[in-house]
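Each reported figure results from applying straightforward, stated rules to the coordinates on display, with no laboratory input. All values derive from a computational prediction rather than experimental measurement. Neighbour counts run over all protein chains shown; Cβ positions are idealised from the backbone, glycine included.
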Amino acid sequence: MESPFKGAILKGKVGLLTGGGSGIGYEIAAELGKHGASIVIMGRRKHVLDSAVSALRSLGIDAIGVEGDVRKKEDTVRVVDATIKQFGKLDILVNAAAGNFLVPAEDLSPNGFRTVMDIDAVGTFTMCHVAFPYLKKGGIIINISATLHLTATWYQIHASAAKAAVDSLTRSLALEWGTDYGIRVNGIAPGPIDDTTGASKLITEEVNLKKQQDSALYRMGEKWDIAMAALYLASDAGKYVNGVTLVVDGGIWLSSPRHMSKDEVKQLSKTVEKRSRDAPVGVPKSNL
């Protein structure tokens, strides 16, 4: 789809994206690049990075890939150093690296819980901390969160806890670094996004069909939807937005299971209304 933003809104900017080799991370990298930014993507798998960089360059984007694991501080330092060496500065940090899998809480080992926390929460803070010296002159941080913890989600207690931590981190850094250094820190909480590893691993066809049936808007989102939200937050369009985690899910997180159809509700309402009209005078409606 065609972007609603001007093509050069990020001209001269440099963006570093963790988890930028695939999925939502790659889509954000591509859109930031199409709108003028030079791009560095970080990931653990060299072949994925190489393929992603090749795809970005084919779009005319100045891009490099650097291997690294956000759980290892030495890797984060090396990736940030490579960014500065290649492009001379860093303007936008997008933390999109994440881990998740379905598991009942009683079957989840402490090590499994810790692994997801280390990638999502600790990894996000580590990247922010290492990038901080280069973002001090009005840089931008975007943390990719989720909607899991806004209510509760089955079989994802580890990811829910990690994303709750990420949202809290976003607010705290926005307060401290926004006030003292002019760094805007915001988040994006995607709903179910089509054609991603998360969707294929965590969402069944039955669940997907139910979401589509519930409402015209309650559908699988697209990676482009999240990339557009990131463009908004990274550009001057969002220059007065700080400390916000923007939920981009079509309103799905607001919903609860529909226990009866709309037609059934209408029929029940008519029945109750008729009984109320036909009730003898003096009979309390509460007794109907």
Quiz item: Between TYR181 and ALA152, what length in nm is gained on full extension when 0.36 nm per residue of separation is reduced by their alpha carbon distance?
Solution: 7.0 nm
Practice problem: Determine one quarter of the surface area of the Cα convex hull of segment 14-257, which equals its mean projected area, and express it in nm² to one decimal. | Solution: 12.9
Self-check item: log₁₀ of I(q)/I(0) at q = 0.14 Å⁻¹ - segment 4-128, Debye sum with one point per alpha carbon
Solution: -0.59
Quiz item: SER3 to LYS266: extension gain in nm, 0.36 nm per residue of separation minus the Cα-Cα distance?
Solution: 90.5 nm
Self-check item: Sparse-neighbourhood loop sites, chymotrypsin sites (Phe, Trp or Tyr not before Pro) in segment 98-128 - DSSP loop, at most 15 other Cβ within 10 angstrom
Solution: PHE101
Quiz item: Which residues' amide hydrogens lie under 5 Å from the amide hydrogen of GLY243, considering only partners 5 or more residues apart or on another chain, with H built in the peptide plane?
Solution: VAL185, ASN186
Quiz prompt | Contour excess over end-to-end distance, with Cα ends at ASP236 and SER58 and 0.36 nm allotted per residue | solution = 61.4 nm
Quiz item: Taking the alpha-carbon centroid of each part, what is the distance from segment 33-79 to segment 83-159 in angstrom?
Solution: 17
